[in-house]
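The values are calculated or read from the model by the stated rules, or taken from the named source; none is laboratory data. As the structure is a prediction and not an experimental result, all values here were calculated from the model. Backbone-built Cβ (ideal geometry, glycine too); neighbour counts: all protein chains shown. Heads up: the accessible areas ignore ligands, DNA and RNA and are worked out on the full protein's heavy atoms, side chains in. Shrake-Rupley method; radii C 1.70, N 1.55, O 1.52, S 1.80 Å.
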Amino acid sequence: MRGEHVEALETTVRSLDERLNALANLVNELMVNVSLIREQVEEVTLNLGGLINQVNYVNTAVSELQSQSVQSTTAIDALTGQLLSVTTTLADVQAELSLLTAPIEAVREQLTALIGTTATIDTDAGTITGEIVTVGTDFVQVQEPSGAVVLIPLSNINLVDAA
């Protein structure tokens, strides 16, 4: 009976040896897989570091753009205020110009109605009599009886008398 027990024990030992070998093989495979996973984790860690650097760069760029946007908005607001001021000043100057040019415009209209007729025009330089030939934006052209052509600035005219 002892022989049967020894054989049974030997069979059990062989079976355990086979299982132990299979287990050793599985442990070796597991170690290889763990090593591969470690390499992949290191690669992911490196990639993650690069991504973090890129995210930081983008965040810095966004902050700079936001700062520039605030500065641009401030500059636009200042320019808008200056434009409003210039527009107001321009309107004031145009109003003053209208007041200053109104008398000259009235003289221009009067002379335009007299084109082709003889008139006497009193100026700062003296009196001129002749046919009104042309009226420009700021002058009148008069042909004197002698044939001489005289250009008179409208701003120098004191009086117009149609003959």
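Quick notes on this structure:
- Heavy-atom accessible surface of residue 122, to the nearest 10 Å², is about 50 Å², with a 1.4 Å probe and all protein chains retained.
- Under 5 Å between amide hydrogens, built in the peptide plane, is the criterion, and for residue 123 it picks out 128, 158 among residues at least 5 positions away or on other chains.
- Placing unit charges on the Cβ atoms only, positive for Lys and Arg and negative for Asp and Glu, gives the chain a dipole magnitude near 400 debye about its Cα centre.
- Calculated FRET efficiency for the pair residue 16/residue 37, C-beta based, R₀ 35 Å, to 0.05: 0.70
- The HN-Hα couplings worked out from phi for segment 87-97 by the Karplus form 6.51 cos²θ - 1.76 cosθ + 1.60 (θ = phi - 60°) are 4, 5, 4, 4, 4, 5, 5, 5, 5, 5, 4 Hz, whole numbers, x standing for Gly and Pro.
- The solvent-accessible area of residue 77, taken with every protein chain present and a 1.4 Å probe, is close to 100 Å².
- Net length gained if the chain between residue 46 and residue 28 were fully extended (0.36 nm per residue, minus Cα distance): 3.8 nm
- Accessible solvent surface per residue of segment 1-98, calculated while the other protein chains remain in place, 1.4 angstrom probe, Å²: 90
- Between 111, 78, 147, the Cα set farthest toward the positive side of the dipole of the chain (charges on each charged residue's Cβ, about the Cα centre) is that of 78.
- Heavy-atom accessible surface of segment 8-163: percent carbon and sulfur, 1.4 Å: 61
- Computed with a 1.4 Å probe over protein heavy atoms only, the accessible area of residue 93 comes to about 80 Å².
- Across segment 19-143, C-alpha contacts under 8 Å between residues 6 or more apart give a mean separation that, scaled by the residue count, equals a relative contact order of 11 percent.
- Between the alpha-carbon centres of segment 61-95 and segment 112-163 there is a gap of 50 Å.
- Placing +1 on the Cβ of every Lys and Arg and -1 on the Cβ of every Asp and Glu, with no other charges, gives segment 12-96 a dipole of roughly 460 debye about its Cα centre.
- In segment 67-163, the alpha-carbon atoms span a convex hull of 125 Å³ per residue.
- Cβ-derived FRET efficiency at R0 35 Å, residue 82 paired with residue 151, nearest 0.05: 0.25
- When every Cα-Cα distance of the chain is counted in 5 angstrom steps from zero, the calculated P(r) takes the values 2, 7, 8, 7, 5, 4, 4, 4, 4, 4, 3, 3, 3, 3, 3, 3, 3, 3, 3, 3, 2, 2, 2, 2, 2, 2, 2, 2, 2, 1, 1, 1, 0, 0 percent.
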